[in-house]
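The values are calculated or read from the model by the stated rules, or taken from the named source; none is laboratory data. A quick note: this is a predicted structure, and the numbers were derived from the prediction, not measured. Positions of Cβ are generated from backbone atoms using ideal geometry, with glycine treated the same way; all protein chains shown enter the neighbour counts. These accessible areas exclude ligands, DNA and RNA; they are computed on the full protein's heavy atoms, side chains included. Shrake-Rupley method; radii C 1.70, N 1.55, O 1.52, S 1.80 Å.
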There are 2 protein chains.
Amino acid sequence: MAVTLGDVARHAGVSLATASRVLNGSARTVTEALSEKVRASAETLGYLTNAPAQALAKASGATVGVLLHDVADPYFGAIARGVWDAASEAGLLSLVASTDADPETELGAIRMLHGQRVRAIVLAGSGYTDPDAVRRIDRALDAYREQGGAVAAITDHGPGYDTVLPANRSGAAGLTGALIALGHRRIAVVTGPERLRVPAERLGGVLDALAAAGLDPAAALVERTEFSHAGGRAAIGRILAAGGPESWPTAVVALSDICAAGVLAELRDRGVAVPGRISVAGFDDIPLAADLAPPLSTVRIPLARLGAEAVRLALAAGEPQPAGGGAGRIAVPLPAEVVLRASTAPPPHD
Amino acid sequence: MAVTLGDVARHAGVSLATASRVLNGSARTVTEALSEKVRASAETLGYLTNAPAQALAKASGATVGVLLHDVADPYFGAIARGVWDAASEAGLLSLVASTDADPETELGAIRMLHGQRVRAIVLAGSGYTDPDAVRRIDRALDAYREQGGAVAAITDHGPGYDTVLPANRSGAAGLTGALIALGHRRIAVVTGPERLRVPAERLGGVLDALAAAGLDPAAALVERTEFSHAGGRAAIGRILAAGGPESWPTAVVALSDICAAGVLAELRDRGVAVPGRISVAGFDDIPLAADLAPPLSTVRIPLARLGAEAVRLALAAGEPQPAGGGAGRIAVPLPAEVVLRASTAPPPHD
DNA sequence: ATGAAAGCGCTAACAG
DNA sequence: CTGTTAGCGCTTTCAT
């Protein structure tokens, strides 16, 4: 039914091998005259490479896979876009898997991507803290790499991976420093689930800044929650409920923007003025951060670049290694920039 | 290097065929005793189905493809999530392609997905108005279907496709009606590019409501722009620049939420009160719509469901047809609900 | 520079 | 119910 390479070869009056070399193979070893004929035949017959067949024959497909928590989350949506851009630039399609930050789901997805023989896998979600989960995932990924697969990670997933490293820690420190410079002393932080590494990195930055300012990090009010809108709402609710208004923090930094959006929503519902009564800051600078009520102060991470760089990193790893190099892993640091908007201001006078 | 079905068969002491039947084939024609052995062998050997090989043999892979304008756009991100959910429920992986609403890019993506032998293609972006683009895309999709592929569309892409139909027209009419009920008479509308069909559908709804209220649709102030944040900003800028404040509309409905976010941003920058001076409404109810400044009135579309239903529709089309049916296409209508929030209010008194 | 032929790993008749 | 045997469409030595 479908037009095959054989059909094209016959139509062009050449052998299967020659047609393959012209249409797909990289070796430049075919006469221009023949090449032309083959291309013409392919064109008139409407030939489309059968990707599975090609993948089977060369033991590697024309796709890359991305593992992330949720495509519908603006943070990951932007990363997925970057992945698509870099992948399609390399002529590859992208498979995106939403794992809901669940190690088991992620493991399953890795196996499926491996089974697909994707050319590369990008770990875009956060790494896990559970050693057991990490071990199992590492194993699955190792098996994949042993069969020629390439892996790149966004944010730290352990020393075994080429990694694109956004400045989570220093970004958070910078943001917290800015809050302190505004005069805040009672700063609460809404962080993410304990099973993820990214929230811990960012929290570390917040504590760094606190300590640097002579404040006691151990006394910091830290609320743990899911990195989601609902999570943010719940967390700030608990913070407010912990004591009377006089004990409320004057600023809260949510370690992810969607989470901060939830905080803002809850505060709005409760009639707590932002930034009048409490300043709020987020992290990521997702697309609509500047349009929230009020516009959100945050840390800008080059989201799309994260995805694109990770793909390039993984794809480059497949290439012949640069001279002198051992099997050392590459880390690409990416800057984070503090962006102050209307959701933060000096603390209220007592 | 990799563990193959043959390895599993040998290890289990059965034939290739039997191993295949147990591990992949659907036919329930293997003894429980043998099945058990095969599964155990697969488990201990760490067998992973080679998807390309399987796809080649059955002429259809374990993936579905989604064509959308931009994964980083919240509207499409949510749809992509729905696609993933339905696909993974069926044991399939999803390939998502961002086309930037460009017909050429879309055509290229269709060819690649076809080449991948994806089980189904979901057209999640808007259809085009250019007959030539439509014809070429239809052709490419027809070729794909002739080879066993299934296609489903979200929003109208022509009569040839099973379609999930969100109530674009009536939703827009309902929203506009609500504005009119609030007392608005000078309503401007920010619509999308002419080359897309979706904006036209929604605009039709707005005009319907205007006419129903005895207002002259022909007199409506319609600004065309890209469906993006920047597009929204530019459009409202033009509307305000068209005349003095006394001639400004009292309400503007942007036919997409990101676009409305841009309108809000521009208005905020210019110091125009919303909804005090001008009411603003959007369309889609993307995740952060309720958190914008001010919370955006809009039309709620069940985004994730759109994607999930489309996948089910496409997958069901491959199944044996229900009795009595011709080749008639199925249309699944999905409701749209008007959600009024703080961005809309009665017009100012003169 | 081009062609012939042997697989890649799996499925699907067809036998037994 | 299970095993044998052809392919699926493409890449890739190995000859020529």
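A few points about this structure:
- Positive-end ranking of A:33, B:261, B:315 along the dipole of the protein assembly as shown, with charges on Cβ about the Cα centre, is headed by A:33.
- Distance from region A:117-189 to region B:73-91 (C-alpha centre basis), Å: 24
- Using only side-chain charges placed at the Cβ, +1 for Lys and Arg and -1 for Asp and Glu, the dipole size of chain A relative to its Cα centre rounds to 560 debye.
- Taken over region A:113-196, the convex hull of the Cα atoms encloses 107 Å³ per residue.
- Note that region A:199-215 has calculated 3J(HN,Hα) couplings of x, 4, 4, 5, 4, x, x, 4, 5, 3, 5, 4, 4, 4, 8, x, 8 Hz, one per residue in order, obtained from phi through the Karplus relation 6.51 cos²θ - 1.76 cosθ + 1.60 (θ = phi - 60°); glycine and proline are x.
- Among B:29, B:18, B:191, the largest mean-square fluctuation in a Gaussian network model of chain B, built with springs joining Cα atoms closer than 10 Å, belongs to B:29.
- Peptide B:67-74 - average C-beta neighbours from other chains (10 Å radius): 6
- For chain B, Kirkwood radius (reciprocal of mean inverse C-alpha pair distance, Å): 22.4
- Peptide-level mean, for A:114-125, of C-beta atoms on other protein chains within 10 Å: 3
- Projecting 7 Å from Cα along the Cα-to-Cβ direction, the label point of residue B:224 sits 5.6 nm from its equivalents in the other copies, listed shortest first.
- Among B:153, B:19, B:74 the positive-end extreme of the charge dipole of chain B (Cβ point charges): B:19
- Largest GNM mean-square fluctuation across B:25, B:160, B:271, computed for chain B with C-alpha springs under 10 Å, falls on B:25.
- Distances between copies of residue A:36, taken at a point 7 Å out from Cα along the Cα→Cβ vector and listed shortest first: 6.9 nm.
- Sequence-distant residues sharing a close amide H with residue A:151 (under 5 Å, placed H): A:121
- Using a 1.4 angstrom probe on protein heavy atoms only, the contact between B and A buries about 4300 square angstrom of accessible area, both sides summed.
- The H on the amide N of residue B:252, modeled in the peptide plane, is under 5 Å from the matching H of B:188, B:279, B:280, B:281, each at least 5 residues off or on a different chain.
- Here the contact order of chain B, divided by its residue count and restricted to Cα pairs under 8 Å and six or more residues apart, works out to 17 percent.
- Projected over all directions and averaged, the alpha-carbon convex hull of region A:241-305 occupies 4.3 nm².
- For residue A:136, solvent-accessible area (1.4 Å; no DNA, RNA or ligand), Å²: 90
- With distances taken between every two different alpha-carbon atoms, the protein assembly as shown has a Kirkwood hydrodynamic radius of 27.4 Å.
- For region B:158-165, 3J(HN,Hα) per residue [Karplus equation, 6.51 cos²θ - 1.76 cosθ + 1.60, θ = phi - 60°, Hz, x = Gly/Pro]: x, x, x, 10, 5, 9, 9, 10
- Sequentially through region A:42-53, phi angles give Karplus couplings (6.51, -1.76, 1.60; θ = phi - 60°) of 4, 4, 5, 7, x, 6, 10, 4, 7, 4, x, 4 Hz, Gly and Pro residues having no value and appearing as x.
- Separation in nanometres of the label points that stand 7 Å from Cα toward Cβ, at residue B:213 and residue A:104: 5.2
- On Cα atoms only, tilt of A:103-116 relative to the major axis of chain A in degrees: 20
- 5 angstrom amide H check on residue A:224, placed H, neighbours 5+ away: A:191
- Counting only heavy atoms of the protein chains and using a 1.4 Å probe, residue B:248 has close to 40 Å² of accessible surface.
- Chain B: most fluctuating residue of B:198, B:272, B:134 per GNM, C-alpha cutoff 10 Å: B:272
- Degrees separating the helix A:131-146 axis from the principal Cα axis of chain A, which is the longest one: 20
- Between this copy and the others, label points of residue A:57 are 2.0 nm apart in ascending order, each placed 7 angstrom from Cα in the Cβ direction.
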